[in-house]
Amino acid sequence: MHLIMIKKVLIANRGEIAVRVIRSCRELGIKSVAIYSDADRNAMHVRYADEAYHIGPSPSKESYLNGDKIIEVALSCEADAIHPGYGFLSENADFAKKCEASGIIFIGPKWESIVSMGDKISARQKMIEAGVPVVPGTQQKISDIETVNKIVNEIGLPIIIKASAGGGGKGMRLVRKREELVSAIRMAQSEALSSFGNDTVYIEKYLDSPHHIEFQILADKHGNTVHLFERECSVQRRHQKMIEETPSPFITLELREKMGEAAIAAAKAVNYEGAGTIEFLVDANRNFYFLEMNTRLQVEHPITERTTGIDLVKEQIYIASGKKISFTQEELIQFGHSIECRISAEDPFNNFMPNPGTIKHISEPNGLGIRTDGYVYEGYEIPMYYDPMITKLISWGRTRGEAIERMKRALFEYKITGVKTSIKFLEKIMENKDFIEGNYDTHFIEKHLEELLDIHNDPHPTTTDMAMIAAYIDYTSKLEKLAMSDFTVTRRNEKWKEYGLIKSIQRF
Amino acid sequence: MALDIKIGDRIANVRLVKKDGSKATIEVDDKLYDVDIVMVEEGVYSIIHDGKSYNIEMIQGNSPKNYFVNTYYSSLEVDIIDAQSRYQQNRNKDGIHSGDKIISTPMPGKIVRIPVKEGDVVEKGSTVIVISAMKMESEYKSPTDGVVKKIYVNEGDTINSHQPLVEIE
């Protein structure tokens, strides 16, 4: 295996992940290339990169999802490699294949691995062959109702019907009663057809209070595959993760070892290369089942970086250049505890409605054990075309308790004005008894929603009075300044006087 | 000079009694405060009162008389009420009584679908317009039983926040 020198990387993404990838490029002395849509001319990744090229109109379909255009830009600026980030084209086998055909390194797995993991039924089959436990259910496309009845007799209700080409909760149907079975299958098929252009569905047993726990893996081109432990991702709302932590407060040392081995076996089964994540469901009795593999970097990768000390983007770049992973499994430890909160421009108190707009003011937290991965700045207008996540707050502590206290402190310092954000809601989760005790599963938010939304925003009366005093002083000094500027217009020549007057009101 | 200042439901009368450098005596309703107040950054005030330290960020809102105020412990919206804003408030009150309901959104977005047309009879709670923003679609429902009087936008249009979209009579 010969080494390739990657000297320039095009980042086929936007937002915080583009900025985060460029940071590692900079540390490695690699030039970075940003791409941007109409809406993103002012975006942070454009400002931060060494080079930036416009690729099309604001809607993703015409810009960040336009693979041909992106490859054209990469070729013309002589980038050696493309980093896809997450979302957009990151799990698009066709794009990875086209990169390869154009002589550009796709920083990610080979396209064949994306294909095998992308189709859920074929992924399930591969996992069974590799000895990785999967949720009980069908291994093939559902054909006739008789077979369905037979399977349901075997695994029992409740079951969940899923689209083979699906993801993100679309085309999924939960069936608790047998009489709902037939109509649910028909509906799942029609939903799958309209969402993914493919009506293939399959059946899985539905686990009642599962944990969503995933394992980070890295694999190089020399046959080395390691896992970087787990991430507990059970704090979700409508299948969207909100808070992740590592280590998981739920799993045991023994289970961690078993799941880690299964994760490595899963990656090897598809000849995986690069960084990837194996998602598992773990039931209340600590049985674990393969759910799916994400063949890319995850949003929540920083908590793994924080507890292992490994820069995952750097490892991705090393692996893509043909190098070996820079450490062995035995060298890895989980040091302390890390939590990530995803902060979105949305209004939790109005049904989590997205809230794009202009950032009027931002004060970011800082200090020991705090990392923020964001991309917005004062005066920046968050576009309405893309994801509402604007920043991620990552805390670290020697113990879980310390990581929670530190997260609370950082959320308290974090002030974003101009758009509504989920900060207050996240603070409430950090104060929740079940969360603090580590006693939660994927139903956590649903179960506690009412109390999490109950913000007693009753500031101390003196605090309110102080706010009034500041408002009084600010407003009256603005009036004074205004009056003064009228005054100076008529006496423009007397500069020294103007200076003196301005001086006299600059106390505030 | 005295000003009426509003936070939430509370309106207080605030008056400067005396001021010398950063030291000021200010009356909020009937309570006198001796404070040391300094603007430490553009729009950020540090107040020390009775040994307690307050860090107060003043962010101008929709007008020079409207502020978003952050202290470490709370985020407040503050309004300065003077003769002009009082007049406008009264006018807006009249507007609500006129019986028209105009649907708008708090955020910018794109019109996905308008399932009604002008002249349609709509029931309270039925969807009149669907807006997409940040990969999520939101349905806006009629606040009342009525008739669609006017539709100001078309499917596919990009809209600003608080822009009138559909009027129900």
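Looking only at residues of region A:446-469 that are β-branched (Val, Ile, Thr) and at the interface with chain B (Cβ under 7 Å from one of its Cβ atoms), we find that the one that is surrounded by the most Cβ atoms within 10 Å (Cβ to Cβ) is A:ILE469. Entry remark, region A:107-121: residues being surrounded by 23 or more Cβ atoms within 10 Å (Cβ to Cβ) and not hydrophobic (A, V, I, L, M, F, W, C) number 3 in total. All of (1) within 29 Å of A:GLY274 (Cα to Cα); (2) touching an Asp or Glu at 6+ places or on another chain (Cβ under 6 Å); (3) of a type in the set (A, V, I, L, M); (4) surrounded by fewer than 22 Cβ atoms within 10 Å (Cβ to Cβ) hold for A:LEU193 with one exception: (1).
Being under 26 Å from A:SER234 (Cα atoms), of a type outside the set (D, E, K, R), buried (at least 20 other Cβ atoms within 10 Å of the Cβ) and within 14 Å of another protein chain (Cβ to nearest Cβ) is not true of A:PRO365. Taking the numbered list (1) among the small types (Gly, Ala, Ser); (2) at pLDDT 75 or above; (3) over 30 Å from A:PRO388 (Cβ atoms) in turn, B:GLY125 passes all entries but (3). Of A:ILE370, A:ILE382, A:ILE359, all but one fail to be under 26 Å from A:ILE303 (Cα atoms) and within 14 Å of another protein chain (Cβ to nearest Cβ); the exception is A:ILE382. Only residues that are polar (S, T, N, Q), facing another protein chain (nearest Cβ under 7 Å) and assigned to a loop (DSSP other than H, G, I, E, B) were counted across region B:63-73, and they come to 1. Only residues that are touching a helix residue (DSSP H, G or I) at 6+ places or on another chain (Cβ under 6 Å) and either within 21 Å of A:GLU305 (Cβ to Cβ) or buried (at least 22 other Cβ atoms within 10 Å of the Cβ) (or both) were counted in region A:405-425, giving 5. Within region A:189-244, being among the acidic types (Asp, Glu), part of a strand (DSSP E or B), closer than 23 Å to A:PRO136 by Cα and touching a helix residue (DSSP H, G or I) at 6+ places or on another chain (Cβ under 8 Å) holds for one residue alone: A:GLU230.
Somewhere in region A:36-53, is a residue under 30 Å from A:ALA163 (Cα atoms) and touching a Ser or Thr at 6+ places or on another chain (Cβ under 9 Å)? For region A:36-53, residues under 30 Å from A:ALA163 (Cα atoms) and touching a Ser or Thr at 6+ places or on another chain (Cβ under 9 Å): absent. Inclusion of A:GLU315 among residues that are buried (at least 19 other Cβ atoms within 10 Å of the Cβ), assigned to a helix (DSSP H, G or I), of a type in the set (D, E, K, R) and free of Cβ contacts under 8 Å to residues at least 40 places away in the same chain is not warranted.
With the condition kept exactly as written, say whether any residue in region B:74-82 is within 7 Å of chain A (Cβ to nearest Cβ), over 17 Å from the mean Cα position of the chain (by Cα) and assigned to a strand (DSSP E or B). No, because not a single residue in region B:74-82 is within 7 Å of chain A (Cβ to nearest Cβ), over 17 Å from the mean Cα position of the chain (by Cα) and assigned to a strand (DSSP E or B). Residues that are in contact (Cβ under 8 Å) with a residue 24 or more places away in the chain and among the hydrophobic types (A, V, I, L, M, F, W, C) were ranked within region B:1-41; the one that is surrounded by the most Cβ atoms within 10 Å (Cβ to Cβ) is B:ILE5.
If you go through region B:4-33 and pick out every residue that is facing chain A (nearest Cβ under 7 Å) and among the β-branched types (Val, Ile, Thr), you end up with 5.
Yes or no, residue by residue, for (1) out of contact with any helix residue (DSSP H, G or I) (no Cβ under 8 Å at 6 or more places or on another chain); (2) more than 22 Å from A:GLN240 (Cβ to Cβ):
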residue	(1), (2)
A:ALA81	no, yes
A:ILE114	no, yes
A:VAL134	no, yes
A:LYS150	yes, yes
A:ILE161	no, no
A:ARG176	yes, yes
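Quick grid of which residues meet (1) assigned to a loop (DSSP other than H, G, I, E, B); (2) surrounded by 24 or more Cβ atoms within 10 Å (Cβ to Cβ); (3) touching a Cys at 6+ places or on another chain (Cβ under 9 Å):
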position	(1), (2), (3)
A:GLY260	no, no, no
A:ALA265	no, no, no
A:LYS268	no, no, no
A:TYR272	yes, yes, no
A:ALA275	no, yes, no
A:PHE280	no, yes, no
A:TYR289	no, no, no
A:GLU292	no, no, no
A:LEU297	yes, yes, no
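Restricting attention to region B:90-120, which residues are in contact with a strand residue (DSSP E or B) (Cβ under 8 Å, 6 or more places away or on another chain), at pLDDT below 80 and more than 10 Å from every other protein chain (Cβ to nearest Cβ)? Matches in region B:90-120: B:ASP100 only.
Taken over region A:381-434, the criterion of being out of contact with any Ser or Thr (no Cβ under 7 Å at 6 or more places or on another chain), hydrophobic (A, V, I, L, M, F, W, C) and closer than 25 Å to A:ALA43 by Cα is satisfied by A:ILE382, A:MET384, A:LEU411, A:ILE416, A:VAL419, A:ILE423. Cβ-Cβ contacts under 7 Å between residues 6 or more apart (or on different chains), taken from a first residue in region A:96-111 that is within 19 Å of A:ASN13 (Cα to Cα) to a second residue that is aromatic (Phe, Trp, Tyr), are listed as A:ALA96/A:PHE106; A:ALA96/A:TRP111; A:LYS97/A:TRP111; A:CYS99/A:PHE106; A:GLU100/A:PHE106; A:GLU100/A:TRP111; A:PRO109/A:TYR272. Summed over region A:305-329, residues that are at pLDDT below 95 and closer than 20 Å to A:VAL19 by Cα total 0. Within region A:107-129, the set of residues being within 18 Å of A:LEU218 (Cβ to Cβ) and assigned to a loop (DSSP other than H, G, I, E, B) comprises A:ILE107, A:GLY108, A:PRO109, A:LYS110. Kindly indicate whether A:GLU112 is of a type outside the set (A, V, I, L, M), modelled with pLDDT of 95 or more and under 30 Å from A:LYS126 (Cα atoms). Judged against the criteria, A:GLU112 is a match. Considering only region A:91-106, I want to know if a residue exists there that is surrounded by 15 or more Cβ atoms within 10 Å (Cβ to Cβ), hydroxyl-bearing (Ser, Thr, Tyr) and assigned to a loop (DSSP other than H, G, I, E, B). No, every residue in region A:91-106 fails to be surrounded by 15 or more Cβ atoms within 10 Å (Cβ to Cβ), hydroxyl-bearing (Ser, Thr, Tyr) and assigned to a loop (DSSP other than H, G, I, E, B). Taken together, the residues in region B:40-62 that are at the interface with another protein chain (Cβ under 7 Å from one of its Cβ atoms) and within 25 Å of the chain's Cα centre (by Cα) amount to 6.
The values are calculated or read from the model by the stated rules, or taken from the named source; none is laboratory data. Predicted model only: the values in this text are computed from it and were never measured. Because the Cβ atoms are built from the backbone with ideal geometry, glycine has one as well, and the counts that use them run over all protein chains shown.
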